[in-house]
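Encoded as structure tokens, the structure appears first; notes follow it.
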Amino acid sequence: MNGLDWNETSIRFMLDADAIYGRGFYTSLAEAVLRHVPRGSRICDAGCGTAGLARAIAEFDAAALIDAVDISALAISSVRDVPSNVRMLCADIFSLPESVAYDVAVFCRFGKTEQALEFAVRHGVERLVLVRRNCFEHSFALARRERRNSFEETCRELSARRLDYCAETLELRFDQPIRDEEDAMEFFKLYGGCELRRDAVLDRLTASGDPQFPFAVRGDRPLGIITVKTEGGNV
């Protein structure tokens with residue numbers, strides 16, 4: 001899950017963000033992903049979390065059949081209003097039976113490149129879409145926290161494997177709504193990385209004008225989308 005584990009606290013914050021800011025973020029991301037995906041595809045959203053991307057893709061393409069898969073039962077059970085063409089699966093994505101085939105697999109800020117390629121081979125995937133952070137620091141961490149599996153790192157790895165791919169970058173934003181100062185302290189505890197100081201946390205808050213969530217933490221999302229034509233799992 002994008003750098004932290006799913007638990008009741010992290011899911012609560014994610015559902016708050018989905019409700020307030022998620023639609024714009026996931027709509028833009030789904031539009032970008034679908035530029036590389038044939039309509040009516042059978043799609044696997046690997047490590048789907050609260051399924052924001054899967055639901056956005058389903059709205060754009062009613063003919064698509066989407067399996068939204070996550071190993072966390074908490075994350076899967078938190079999802080409401082599931083479109084009819086989305087199936088929620090609580091499973092280890094890397095242990096799905098080989099008999100389960102997909103046209104497209106989307107790994108959105110999840111999994112290593114090697115794992116995604118192995119999944120494509122096992123499940124006959126025609127197109128593998130990798131959504132990666134196009135930066136090296138986490139936008140919510142109070143201290144420097146370098147990320148692995150970045151956009152540039154993934155492109156270098158695919159080039160070293162002599163795989164053909166196309167890539168584009170996006171500048172999106174997905175803020176975190178905050179209920180009060182104590183809520184902010186709890187949110188930043190999720191990301192760790194340094195001693196948690198109240199003044200440092202409060203410096204990150206901006207007024208939102210929303211009576212339920214009067215504060216927000218800005219969440220810039222520079223992303224890279226990489227599409228690998230895996231030709232039925234031949235990589």
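Using the average count of surrounding beta-carbon atoms within 10 Å as a protection proxy, the listed peptides 55-64, 167-176 rank, highest first, as 55-64, 167-176. Positive-end ranking of Phe140, Gly209, Val129 along the dipole of the chain, with charges on Cβ about the Cα centre, is headed by Val129. Using the average count of surrounding beta-carbon atoms within 10 Å as a protection proxy, the listed peptides 19-27, 200-208 rank, highest first, as 19-27, 200-208.
Would you mind telling me the antiparallel percentage of the DSSP bridges in the chain, rounded to 5? The antiparallel fraction comes to roughly 55 percent. Remark: the chain projects, on average over all directions, an area of 12.3 nm² (convex hull of Cα atoms). Roughly what percent of Cα-Cα pairs across segment 1-99 reach past 21 Å? That tail contains 31 percent of the Cα-Cα pairs.
FYI, it's all coordinate maths here, none of it is from the lab. Since we're looking at a predicted model, the values are computed, not measured. Because the Cβ atoms are built from the backbone with ideal geometry, glycine has one as well, and the counts that use them run over all protein chains shown.
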